[in-house]
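Trainee: Pasting in a structure now, in structure tokens, and then I'll have a few things to ask.
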Amino acid sequence: MKIVNVDIAIVGAGSAGMSAYKSALKHTSKILVIESGPYGTTCARVGCMPSKLLIAAAEAAHSVEFAQAFGVNVEAMHLDGTAVMERVRRERDRFVGFSVETVESWPEEHRLRGHARFLDDRTLQVDDHTHVVAQRIILATGSHNYVPQEWRRSIGDRLIVNDDVFSWEKLPKSVAVLGAGVVALELCQALSRLGVRVRMYGRGNRIGPLSDPALQALTLQIFDNELPLRMRAKDVSLTRDGDEVIVRSGNDAERFEYVLAASGRKPNLDRLDLLKTSLPIDENGCLVFDPETGRVGESNVFVAGDITNELTVLHEAVDLGRIAGENAGRYPNTKHTTRRTPMTIVFSDPQIMMVGKTHEELIESKSDFSIGTVSFANQGRSRVMLKNRGALHLYAENSTGRLLGAEMVGPSAEHIAHLLAWSIQRGDTVQGMLEYPFYHPVIEEGLRTGLQNLARSLR
């Protein structure tokens, strides 16, 4: 067994691990990055980038179908599913290539292939060939799709996860989507607009991540008008019949070519042998850590990315990777870093966003806040583009007038989210935001209306 001594061992070479390496390298060159899978980040390979490629194709198809509403008559559209997926895979591979090139550019002595597990707080065994003794360890092992084993036993290879979608060579005829979260909504709508027969099965009566009850209800109404939904489907059963799956819910049964399991993700912790360490673990089996340092308890171990089971989005993974790498390098003189304003965006149509404190968080913390609302149903620019669906809710602190958070389903939510996240992080007041310029006619005028309504509501 080979023994390697390093200052910092980083387990995982995804977005968080790459960010951690870059930060840690400023403090020491005795670093080893251990990776058991292929290089290339989850985002580039099976996450944000290929999903947006599929969504872009779906938007193009939808715009052709919707053109008649503007008085533009387009001849019958031909959708080439093979060409759609060829572009998705080609561009996906291009994005993956960039991250692979980055990792492979690191010194060879900084890279080790294999699966790492703990022997004790400072020692990792990598497969059956290497013991790594590290003064500090950064865990950036990511997460995996959660799939109930009974589903896999029932239907075998007819059960897929989002990772599988982006390897298709052609579009299937039909897909059942189990789940109603972000991934489920984005892929279900995209596949539907690309001519795939779909149905979404949700356990509750909520689509997407929004926590504001009024916006939850509006979101459900909007997507129920476009997508075949079966909500409160707690009794779903799956039966394999040849190359098809029979999905039963209540008294209804429907056949599909595939079943897409979009029931969430779990951090990759199971194979780390954490019980051989003294690291603190919560009731859910997740590591207890300080989000402002990345440090696990009072140990020499730091975490970054999806393994934290918090905000599983790329920019958060990169941020926490930077924080963990910096503090592993400085250890034991760690420093606290104020995290950026939380931001979540769903690339559905209409888009969905949440920034800052959510409605649910404000209620649970018993915050004294007011709500300003605006509907986009008759907002000028939105109506011009026939994107006039949805609403924005803004939350501000009564005592100071500071913007605390916002939730939205509606047009250009990805851009509104950034404007509001920046304002929250600056500590802007509602009145101060109303002094910023607003052009005409733009969707941002709807934001101004919401702020005006919020200013009148503040006590």
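Every number in this text was worked out from the coordinates using simple rules, so none of it is lab data. What you are looking at is a predicted structure, and each value in this text was computed from that prediction instead of being measured. In this analysis, Cβ positions are derived from the backbone assuming ideal geometry, glycine residues included, and neighbour counts consider all displayed protein chains.
Trainee: In straight Cα distance, which lysines are under 24 Å from Lys2, not counting same-chain residues fewer than 8 positions off?
Mentor: Cα-Cα hits under 24 Å: Lys30, Lys276.
Trainee: Over what distance in Å are the Cα centres of segment 350-376 and segment 153-225 separated?
Mentor: Each part's Cα centre sits 25 Å from the other's.
Trainee: Return the FRET efficiency for the residue pair Arg232, Asp290: r is the Cβ-Cβ distance, R0 is 45 Å, and the value is rounded to the nearest 0.05.
Mentor: E(calc), rounded to 0.05, equals 0.70.
Trainee: Also: Is the C-alpha gyration tensor of segment 149-263 telling us rounded, prolate or oblate? Criteria: a/c under 1.5 is rounded; beyond that, a/b larger than b/c is prolate, otherwise oblate.
Mentor: Details: a/c = 1.85, a/b = 1.43, b/c = 1.30.
Here segment 149-263 falls in the prolate category.
Trainee: Hydropathy first: keep DSSP H helices in the chain averaging at least -1.0 on Kyte-Doolittle, then drop any whose Cα extent along the axis falls short of 18 Å, and list what survives.
Mentor: Working: long enough: 48-66 (26 Å, 0.80); 81-104 (34 Å, -0.53); 314-330 (24 Å, -0.34); 413-426 (19 Å, 0.17); 444-457 (20 Å, -0.86).
Within the chain the helices that satisfy the rule are 48-66, 81-104, 314-330, 413-426, 444-457.
Trainee: Treat the count of other C-beta atoms within 10 Å as a stand-in for reagent exposure and order Leu279, Leu420 from fewest to most.
Mentor: Numbers: Leu279 21, Leu420 27.
Result, fewest neighbours first: Leu279, Leu420.
Trainee: Please report the projected area of segment 343-457's Cα convex hull averaged over all directions, in nm². Could you put the intermediate results ahead of the total?
Mentor: On the way: hull surface 26.0 nm².
Quarter of the Cα hull surface area: 6.5 nm².
Trainee: Related question: So how far apart, in nm, are the two label points at Lys366 and Asp241 if each is 7 Å from Cα heading toward Cβ?
Mentor: Rounded to a tenth, the inter-label distance reads 5.6 nm.
Trainee: Applying 1/(1 + (r/R0)^6) with R0 = 22 Å to the Cβ-Cβ distance of Tyr146 and Ala56, what FRET efficiency is obtained, to the nearest 0.05?
Mentor: Numbers: r = 27 Å, r/R0 = 1.24.
So the FRET efficiency works out to roughly 0.20.
Trainee: How far, in nm, would the chain grow between Leu25 and Glu108 when pulled straight, counting 0.36 nm per residue and subtracting the alpha carbon separation?
Mentor: Details: separation 83, 0.36 × 83 = 29.88 nm, distance 1.44 nm.
That works out to 28.4 nm of additional length.
Trainee: Could you give the size of the charge dipole of segment 343-457 about its Cα centre, using +1 on the Cβ of each K and R and -1 on the Cβ of each D and E, expressed in debye and rounded to the nearest 20?
Mentor: Working: 10 positive and 12 negative charges, 66 e Å.
Roughly 320 debye for segment 343-457.
Trainee: Between Gln135 and Arg87, what is 0.36 nm times their sequence separation minus the Cα-Cα distance? Round to one decimal in nm.
Mentor: 12.8 nm
Trainee: Now, a different point. How far is the Cα center of segment 258-273 from the Cα center of segment 395-430, in Å?
Mentor: 33
Trainee: Continuing with the same structure: Let me have the 222 nm mean residue ellipticity of the chain computed from DSSP H runs of 4+ only, each contributing -39500 (n - 2.57), with the sum over all residues rounded to the nearest 500.
Mentor: Values: 14 runs with 154 residues, N = 459.
About -10000 deg cm²/dmol.
Trainee: Now, a different point. Straight-line reach only, C-alpha to C-alpha below 20 angstrom: list the aspartates and glutamates that Lys357 could link to, leaving out same-chain residues fewer than 8 apart.
Mentor: Lys357 reaches Asp212, Asp290, Glu292, Glu310, Glu316, Asp319, Asp368, Glu397, Glu407, Glu414, Asp428.
Trainee: Mean 1/r over all different Cα pairs, inverted: what Kirkwood radius does segment 49-183 give, in Å? Write down the numbers at each step before the final one.
Mentor: Numbers: mean 1/r = 0.0511 Å⁻¹.
It is 19.6 Å.
Trainee: What is the magnitude of the charge dipole of the chain about its Cα centre, with +1 placed on the Cβ of each Lys and Arg, -1 on the Cβ of each Asp and Glu, and no other charges, expressed in debye to the nearest 20?
Mentor: Roughly 280 debye, rounded to the nearest 20.
Trainee: I've got another one for you. Between Asp164 and Ser63, what FRET efficiency follows from the Cβ-Cβ distance if R0 is 35 Å, with the result rounded to 0.05? List each step's numbers first, then the result.
Mentor: Numbers: r = 27 Å, r/R0 = 0.78.
My answer for the efficiency is 0.80.
Trainee: In addition: If the chain between Leu386 and Arg117 were fully stretched, how many nm would it gain, using 0.36 nm times the residue separation less the Cα-Cα distance?
Mentor: Roughly 91.4 nm would be gained on extension.
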